[in-house]
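Participant: This is the structure I want to talk about, given as structure tokens.
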Amino acid sequence: MKPIILLTGKNGQVGGELLHLLPQLGEVVALSRDQLDLSNPSDIRRSIREVRPKIIVNAAAYTSDDQAETGETTARAVNTEAPGLMAQEAKKIGAALVHYSTDYVFDGTKKAPYDETDSVNPINIYGKTKLTGEDAIRNSGLPHLIFRTSWVYATRGRNFLLTILRLATEREELRIVSDQVGAPTCASEVAVATTKILTRLLRNDGGFLSLEISGTYHMSAAGQTTWYDFAKAILEKAEAGSSSLEWLARATQGRRLMALRVIPVSTKEFGSPAPRPAYSVLSNSRLNQTFGVALPNWHDQLQSCFVSDTIAAQRGAG
């Protein structure tokens, strides 16, 4: 009998990709924000008790760094309290929890990729609420997998990739931060890696529920870049991209790219409301050593977006 999987955030970037892949593993009950309000504890309890899943995959989150600075109450409800409650409810029914977190749990003072054992010290509200959400899951004693990823984007939703393409149809000059270093990670790759891991663990029921496997893993693109260089790469790919790509046509609304210049600016010059780490590259060694999974280089991931409208569906879970 196939396991029941409860997926939250089905309309989000990662959730939308998981929606295509998780049915390979079991019966998926996928809920959107309208169907499950993560700021409402009663909604969370009711959904888990009614569905009684074997696995909860929580792909929902409050992800706006800047808005979180003035909306801490909502960010904390969704990023901290909701995952903690999910863990409590899942433990009662013998389920396991897969949860996504962020590179922004680190302060960016390190100059080499962060390991899972490095000290955490988030410098913005978003990062702080995500970290306390991690802590709530870990402290529950529930079998769990926390995947920290970074600079997530997709060909849907709201993200850096689509913002750059939209702005490039409106402006001749773009000013992009050049002193923050990270690893842009495509949501489809996160979904594929997650599905591969769950496939392996579900083949051995005891393995998935083992507390030896439980823990925090970094799951991000290989390599590193800056927002400035990422923006330049996006525009280069878009210029050379196929006009038949539906997502690209939607992103640009069929208009040609106007941006002739991409100007590097400092974080201070750009002036975002939320502070961000100067360096947040993650080491994925533990993920690879434990599960044999490694995500492609960020540049290769970006290239894949400009090849097909159905990246995750074409790759499958392997």
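Participant: Excluding LEU282 itself, calculate the net charge of residues whose Cβ lies under 11 Å from the Cβ of LEU282, where each Lys or Arg counts +1 and each Asp or Glu counts -1.
Facilitator: -1
Participant: Between VAL307 and ARG175, what length comes free when the chain is fully extended (0.36 nm per residue of separation minus the Cα-Cα distance, one decimal in nm)?
Facilitator: Stretched fully, the VAL307-ARG175 segment lengthens by 44.8 nm.
Participant: What translational D, rounded to a whole number of µm²/s, comes out for region 182-293 from Stokes-Einstein when the hydrodynamic radius is the Kirkwood one over Cα pairs, at 4 °C and 1.567 mPa s?
Facilitator: 74 µm²/s
Participant: Turning to a different aspect of this structure: What angle do you read, to the nearest 10 degrees and between 0 and 90, between the alpha-carbon axis of helix 187-202 and the longest principal axis of the chain?
Facilitator: Helix 187-202 and the main axis of the chain meet at about 20 degrees.
Participant: Further question on the same structure: Once you list every other residue whose beta carbon is under 14 Å from the beta carbon of GLY182, what net charge do they have if Lys and Arg are +1 and Asp and Glu are -1?
Facilitator: -1
Participant: I'd like the orientation of helix 41-51 relative to the chain: the angle between its Cα long axis and the longest Cα principal axis, in ° from 0 to 90, rounded to 10.
Facilitator: 60 degrees
Participant: Which value, in debye to the nearest 20, gives the size of the charge dipole of region 175-292 about its Cα centre, when Lys and Arg are +1 and Asp and Glu are -1 at the Cβ?
Facilitator: 260 debye
Participant: Now, a different point. Taking H as built 1.01 Å from N, whose amide H comes closer than 5 Å to the amide H of TYR217, not counting residues under 5 places away?
Facilitator: ILE146, PHE147, ARG148
Participant: Might you tell me the accessible area per residue for the chain, computed with a 1.4 Å probe and given in Å²?
Facilitator: 44 Å²
Participant: Relative to the longest principal Cα axis of the chain, at what angle does helix 125-140 sit, 0 to 90 degrees, rounded to 10?
Facilitator: That works out to roughly 20 degrees.
Participant: Shape call for region 218-281 from the C-alpha gyration tensor, a ≥ b ≥ c root eigenvalues: rounded (a/c under 1.5), prolate (a/b greater than b/c) or oblate?
Facilitator: Cα axes put region 218-281 in the prolate bin.
Participant: Semi-axes of region 33-75's equivalent ellipsoid from the Cα gyration tensor, sqrt of 5 times each eigenvalue, largest first, rounded to whole Å?
Facilitator: 25, 11, 7
Participant: In whole Å, how far is the Cα centre of region 55-117 from that of region 129-208?
Facilitator: 11 Å
Participant: Would any residue of region 154-175 have its amide N under 19 Å from a label point 7 Å out along Cα→Cβ of ASP66? List them or say none.
Facilitator: 154, 157-175
Participant: What is region 63-136 by shape, rounded, prolate or oblate, if you read a ≥ b ≥ c off the alpha carbon gyration tensor as root eigenvalues and call it rounded for a/c under 1.5, prolate for a/b larger than b/c, and oblate otherwise?
Facilitator: In terms of gyration-tensor shape, oblate.
Participant: Heavy atoms only, probe 1.4 Å: what % of the accessible area of region 235-310 goes to carbon and sulfur, would you let me know?
Facilitator: 49 percent
Participant: To continue, here is another question. Hey, can you grab everything whose amide H is under 5 Å from the amide H of ILE176? Only 5+ residues off in sequence or another chain; H modelled, so Pro and N-termini drop out.
Facilitator: Amide H neighbours of ILE176: ILE263, VAL265.
Participant: Mind checking which lysines have their Cα closer than 16 Å to the Cα of LYS92? Skip sequence neighbours fewer than 8 apart in that chain.
Facilitator: LYS54
Participant: Apply the a/c threshold of 1.5 to the C-alpha gyration tensor of region 49-184 and tell me whether it is rounded, prolate or oblate.
Facilitator: Verdict is prolate for region 49-184.
Participant: Share of antiparallel DSSP beta bridges in the chain, in percent to the nearest 5?
Facilitator: 5 percent
The values are calculated or read from the model by the stated rules, or taken from the named source; none is laboratory data. Quantities reported herein were computed from a predicted structural model and do not represent experimental measurements. FYI the Cβ positions are ideal-geometry reconstructions off the backbone, even for glycines, and counts take in every protein chain you see. Heavy atoms of the whole protein, side chains included, go into the accessibility calculation; ligands, DNA and RNA do not. Shrake-Rupley method; radii C 1.70, N 1.55, O 1.52, S 1.80 Å.
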